[in-house]
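Okay, so here's the structure we're looking at.
Just so it is clear, none of the values below were taken in a lab; they were calculated from the coordinates. The structure displayed is predicted, hence computed values, not measured ones. Here Cβ is always computed from backbone atoms with ideal geometry, including for glycine, and neighbour counts include all displayed protein chains.
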């Protein structure tokens, strides 16, 4: 559950702006904005979605900074009401709509800050997904980097050893490296390959759509700005104010599921149902879409990163100057 995940994180004094009032567009505003959103969507050639905790609340997983969010209630000395567990949670309408949009080649990539595993559960191909803060259902070998997608959520947080051993076979037998969770703690370095590909698609996109995120966590929250800087458009769908509302081409204040259903209706695309088909595997290797060598080298040059020096990678932290952005 998101509560258990939050409890597993180390102490961090700044949780961001929590409990801001929710804002809803009027029916007239929503109609106008949906028409504009659909137009932008139809005209775009390279669309990237950025998803936050708000896409999973209808699946029973609390967000963090909403009126009933984990951090919001923590500030009041209260605990959130849990409707499900990570293991039992099922993908929302939004998750399933995104799967279909990717399959129909409307959407090229999805960048998520969520650790709940619902994008993978929905059937979304990992070649179209960057999970920048990790996944509760994935263990990774610290020697050969083979990843294992599990049926049940791991019990550790912060890239710790889970107690498992890598069984990947090689010339000299099994790897036997130690398995670790992939969940970032505060100030942990973001996964290099996921970040490289996320930034690549953010720069290539002519439309970035942010769903259910206040965009306060960095560097994830600034990735949509790459699209704007390269002449693209930015659409934000959220019930609360976000850091980049003033920069956005369009801001829709409404429930994410309702907005996505309306978009799919206007596009005349049906939303598939979640079938519950087994989504876990014994192991997966590197399934990300490969970038050209020169593209990775250019990323390294711009950010002065090193494959070996993870301390130099951007880390997960909170943006504190919310009002000034």
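What is the Cα convex hull volume of the stretch 193-252 when expressed per residue in Å³?
Values: hull volume 4.2 nm³, N = 60.
Hull volume over Cα atoms, normalised by residue count, gives 69 Å³.
Using the Kirkwood radius over C-alpha pairs as Rh, can you work out the diffusion coefficient of the stretch 115-183 via Stokes-Einstein at 20 °C, viscosity 1.002 mPa s, in µm² per second?
Details: Rh = 12.5 Å.
It diffuses with D of about 171 µm²/s by this estimate.
If packing is taken as the average count of other Cβ atoms within 10 Å, what order do 45-54, 26-35 fall into, highest mean first?
Output ranking for 45-54, 26-35: 45-54, 26-35.
For the stretch 131-235, compute the orientation-averaged projected area of the C-alpha convex hull (one quarter of its surface), in nm².
8.2
Considering just Cα atoms, how many Å³ per residue does the convex hull of the stretch 147-192 enclose? Mind showing how you got there, number by number?
Details: hull volume 4.3 nm³, N = 46.
Per residue, the Cα convex hull of the stretch 147-192 comes to 92 Å³.
With r as the distance between the Cβ atoms of residue 85 and residue 36 and R0 = 41 Å, compute the FRET efficiency 1/(1 + (r/R0)^6) and round to 0.05. Before the final figure, lay out the partial values.
On the way: r = 38 Å, r/R0 = 0.94.
Approximately 0.60, to the nearest 0.05.
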